[in-house]
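Engineer: Before I ask anything, here is the structure I am working with.
We did not get these values from a lab; they are worked out from the coordinates using the rules stated. Just so it is clear, the structure is predicted and the values come from calculations on it, not from any experiment. Here the Cβ positions follow ideal geometry from the backbone for every residue, glycine too, while neighbour counts run over all protein chains shown.
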Amino acid sequence: MHIYLPIALTSVNIYLLIGLGLLIGFLSGLFGVGGGFLMTPLLMMIGIPPTVAAATDANQIVAASASGTLAHWRLGNVDFKMGLMLLIGGFTGGAVGVHIIKILRATGGADFLIKMTYVVMLGGVGTFMFFESLNALRKAKAAPSKEEKKEVKKSSGGFLNSLPLQIYFDKSGVTHSALLPIALGILVGVLAAIMGVGGGFLMVPVMIYLLRMPMHVVVGTSLFQIMFTCVEVTFLQSYSNHTVDIILAILLLLGSTIGAQIGTSLGKKLKGDQLKILLAMLVLGVTIKMILGLVLEPSLLLAHAGGH
Amino acid sequence: MISNNKMRIRGFKMWWIAVLVLACCALGSNGVQAMNLTVKPSEIPITIGYGGKNVVIKGTTSEPGEVIIKISSKTEAARFKYKGKAAGLFWMKIGDIEYKPVPSVYKIYSSGKIDEILNANERASYYIGYDSLENMVQIEGGPKNMDKDLWFKQLVKFKEENGLYGIQEGAVKFVSDNQFECKIHWPFQAMPDDYKIEAFLVKDQHVLDKADTMLKVKRAGIVKQFTSLAFGKPAVYGVMAIVIAMIAGFGVGMVFKGGGAH
């Protein structure tokens, strides 16, 4: 059954879109990522213009992350305090990143930088998470009783402890200076804007390894944060670029809101390290696909103008 | 009497001449107007369930021959990103390329092989076949020292993969000596626009006759409303998109709790 998308100006199969939404929503609820890094290329593969794919995906993520946030909030997995600070940083970083991209576009060579940032970040993050969680899983097998020891270790050095505005984040069970999540938020915001993604797959490792938050709280808090970022993106894209296709978003969110619920309840049954290694494998899979796309000669040497 | 008779005979002759001239004119104009062309439907509304449309093109010719049908849009500049090897290693989009003028839609249907039934000069002057498009197109941007032919073929490939260009030889069928018919599936990828359909009667390598008609493709119903809202009131549209997503997200979250999913 086909449906015509008024902004994307193309006709698509309804069931295919609902299925796609279900899959990405599932991953979103499971790992706390928006799924933009998977959804946007998949939409482009079925003929949606790149600019519409990216903007509409942000709109769809609002729904999936709202659904996921609610589910995680019920499980006590959302650290609102931490989420808000990351958001403040993320908004600032996003604005800076958009500006950097504008300058790069003007000087040329932006696409090269975007692709390289993407591959290096995805590959680096994926590899690190993979081996780290593999080690953790091995250790857990060797000594299952010690597995649940809570890491209440103070963040690494004396420098971070000497920063002002030290706050105890009770949901996550960590103490940090408020400046740390804000600064990390800015960093992720800049990178996300350059790559044109929501940044969930960067934010999640940052929360795990740099903010030392427990995996389940990371997922809930990340979704909470992503929801706001995507509200902002949806509005700006609708307002200045007219690239949000509501019909497409509705079809996707039919699947993704339900998928997010299923993902959340599956995530509950898995251990933190199991979740991490699965996310790492997903990220590495996407990296390999991107590298192949860069190395193999494309069958068509032309692409739609606009987007990347 | 005699002169009267002469007058009568002269009048009779005049009358006959008039009839003959009229008949000739009628025949002559018949020769020009005998070729006609209709398309059903002649208007295609793009509504929410739109996925392209089956269209039938019918016509009659003044005499037997071969028929070529061309459907095309107005010509314009087509802009793309082109891919190449960056740093000699990675395939990626490395710059802009522009083709102009080219039609956004270009479809040819014929009763026989166009290269065999029509001579090259007339193919060029009536813009029939990809060669005729290639002759008129200018390519700007693109890689240095580019091979025009190769990059034009890329354009054709891109358009064909999107259903917007195509040449189908043998798609025009004759139902009788001078009645032809062509059944096509109009591609959903074609933008709302007015498209010109032209039919050419071809004999002995030359165009003998032609006729044309229009196919109008328009947005309608909810598709039209959404488009005008998105472009006319983008702030309202944006807020609407967010509200729908929020309600759907939280709504599904509530339902799952209500259903006792866990």
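Engineer: Taking H as built 1.01 Å from N, whose amide H comes closer than 5 Å to the amide H of A:Asp245, not counting residues under 5 places away?
Structural biologist: A:Thr56
Engineer: For the pair A:Leu104/B:Phe174, report the inter-label distance in nm, with labels modelled 7 Å from Cα in the Cβ direction.
Structural biologist: 6.3
Engineer: Just to check I understand the Karplus step: with θ = phi - 60° and J = 6.51 cos²θ - 1.76 cosθ + 1.60, what whole-Hz values come out for region B:228-234, glycine and proline as x?
Structural biologist: 5, 5, 4, 8, x, 10, x
Engineer: From the phi of every residue in region A:30-40, what ³J(HN,Hα) in whole Hz does the Karplus formula 6.51 cos²θ - 1.76 cosθ + 1.60 yield, where θ is phi - 60° and glycine or proline is x?
Structural biologist: 6, 10, x, 9, x, x, x, 5, 9, 5, 4
Engineer: If each residue's Cβ is checked for other Cβ atoms within 10 Å, how do A:Leu113, A:Leu17 rank with the fewest at the top?
Structural biologist: Lowest count first: A:Leu113, A:Leu17.
Engineer: Can I ask one more? Pop a pseudo-label 7 angstrom from the Cα along the beta-carbon direction at both B:Lys157 and B:Asn119 and give the gap in nm to one decimal.
Structural biologist: It is 3.5 nm.
Engineer: Would you grab the residues whose amide H sits under 5 Å from the one on B:Leu208? Only those 5+ places off in sequence or on another chain, please, with H modelled 1.01 Å from N.
Structural biologist: B:Leu201, B:Val202, B:Lys203
Engineer: Let me ask you something else. For an R0 of 30 angstrom, estimate the FRET efficiency from the Cβ-Cβ distance between A:Glu232 and B:Thr213 and round to the nearest 0.05.
Structural biologist: 0.05
Engineer: Kindly put B:Leu118, A:Leu104 in sequence by how many other C-beta atoms sit within 10 Å of each C-beta, fewest to most.
Structural biologist: If I rank by nearby Cβ atoms, fewest first, I get A:Leu104, B:Leu118.
Engineer: Which ³J(HN,Hα) values, rounded to whole Hz and listed in residue order, are derived for region A:171-178 from phi using the Karplus coefficients 6.51, -1.76 and 1.60 in 6.51 cos²θ - 1.76 cosθ + 1.60 with θ = phi - 60°, glycine and proline given as x?
Structural biologist: With the stated coefficients, region A:171-178 comes to 4, 8, x, 10, 10, 9, 6, 4 Hz.
Engineer: Also, quick follow-up: Helix A:110-142 sits at what angle to the longest principal axis of chain A, using alpha carbons and giving 0 to 90 degrees rounded to 10?
Structural biologist: It works out to around 40 degrees.
Engineer: Same structure again: What's the longest uninterrupted piece of chain A once you rule out the GluC sites (Glu not before Pro) that are loop residues per DSSP with at most 13 other Cβ within 10 Å?
Structural biologist: By the stated rule (loop sites, at most 13 other Cβ atoms within 10 Å), A:152-308.
Engineer: Under unit Cβ charges (Lys, Arg +1; Asp, Glu -1), what dipole magnitude, rounded to 20 debye, does region B:35-218 have relative to its Cα centre?
Structural biologist: So the dipole magnitude of region B:35-218 works out to roughly 840 debye.
Engineer: Could you state the angle between the C-alpha long axis of helix A:272-295 and the longest principal axis of the C-alpha atoms of chain A, as a value from 0 to 90 degrees rounded to the nearest 10?
Structural biologist: Orientation of helix A:272-295: about 40 degrees from the principal axis.
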